[in-house]
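J.: My structure is below; once you've seen it, I'll send some questions.
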Amino acid sequence: MTNNWLISHPKSGSNWIRYCVEYLTGKPTQGQNKRLENGNDGPPENWVLRRSHHVPKELDKDSKVVILLRNYKELICRPGMEQFGDVIDAYEDFFNFAEETECKTHIVYYEDISDIYQVFELFSFWGLWLPAHKHKDFLENDMGHFNNSLDIGNEHFTDGRTPIKHSEMLTREQRHAIDLEFITRLKWNYKYLIRYYD
């Protein structure tokens with residue numbers, strides 16, 4: 001079974017990464033299938049990527065773990081995410097793991113993975129092979145593939161196309177209070193989220 005992992009909080013954009021992995025490798029990732037036609041993720045020995053919304057217990061020193069982060073204020077504003085305590089809990093666990101683990105880890109941000117070259121870097125990190133013809137196809141039609149990933153992604157909370165802009169849904173005072181809550185809880189590990197400070 002693969003040692004490649006993707007961990008993230010729900011609604012952080014993992015479907016796009018899984019779509020890229022499945023399309024470019026032609027092999028399944030763990031979870032509801034996002035690209036292949038067989039309608040399931042196949043037996044675990046076929047997976048090229050495993051995923052989790054928490055730090056998995058199965059990790060060992062040979063695991064290659066990508067931690068996908070998204071603006072926590074965007075997560076809080078998404079339907080079904082009115083409470084942000086679980087977001088802080090998840091991020092605290094992710095960052096403590098990143099600081100203490102012997103695994104190979106790589107942190108990537110949702111806002112950066114629309115750049116297909118950032119996705120290709122993940123392939124390199126995981127040691128996944130990129131077929132030349134599919135590599136070219138992605139470079140020439142990256143937005144088409146992104147839209148395809150939205151069409152077959154999770155749509156029970158959002159269609160994936162409507163941006164959730166926390167600046168329009170939260171007052172400046174609310175945004176600042178949320179920032180302070182995360183800073184107080186995460187302390188030095190807030191360094192991983194400093195780009196999101198208002």
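J.: Whole-Hz ³J(HN,Hα) for each residue in the stretch 51-56, computed from phi via Karplus 6.51 cos²θ - 1.76 cosθ + 1.60 with θ = phi - 60°, x for glycine and proline: what do you get?
T.: Residue by residue, the stretch 51-56 yields 9, 7, 9, 8, 6, x Hz.
J.: What FRET efficiency do you get for residue 32 and residue 140 if R0 is 41 Å and r is their Cβ-Cβ distance, rounded to the nearest 0.05?
T.: The value I calculate is 0.90.
J.: OK, next. With θ set to phi - 60°, apply the Karplus curve 6.51 cos²θ - 1.76 cosθ + 1.60 along the stretch 125-130 and write out the HN-Hα couplings as whole Hz, x wherever there is a Gly or Pro.
T.: My calculation for the stretch 125-130 gives 4, 7, x, 8, 7, 9 Hz in order.
J.: Hey, which of these cross-link pairs are over 23 Å Cα-Cα: 57/104; 27/64; 73/104; 104/191?
T.: Going by Cα-Cα distance, 73/104 fall outside the 23 Å limit.
J.: Tell me, in nm to one decimal, what length is gained between residue 181 and residue 124 on full extension, where the rule is 0.36 nm per residue of separation less the Cα-Cα distance?
T.: Extending this stretch completely gives an extra 17.0 nm.
J.: Nearest 0.05, what FRET efficiency do residue 60 and residue 147 give at R0 = 41 Å with Cβ-Cβ as r?
T.: 0.65
J.: Next question, about the same structure. For residue 61, list the aspartates and glutamates whose Cα falls under 12 Å from its own Cα; do not include residues on the same chain fewer than 8 positions away.
T.: 100, 102
J.: Further question: Based on Cα positions only, what radius of gyration and what Dmax would you give for the stretch 96-138, in angstroms?
T.: When restricted to the Cα atoms of the stretch 96-138, Rg and Dmax are 13.0, 40 Å.
J.: OK, next. What ³J(HN,Hα) values, in whole Hz, does the Karplus curve 6.51 cos²θ - 1.76 cosθ + 1.60 give for the stretch 103-111 when θ = phi - 60°, with x put for Gly and Pro?
T.: Calculated HN-Hα couplings, in order: 5, 7, 10, 9, 9, 10, 10, 3, 5 Hz.
Every read-out reported here was derived from the displayed coordinates using simple, explicitly stated rules and does not represent laboratory data. Computed from a predicted model, the values in this text were never measured in an experiment. All Cβ positions, even for glycine, are placed from backbone atoms using ideal geometry, and neighbour counts span all protein chains on display.
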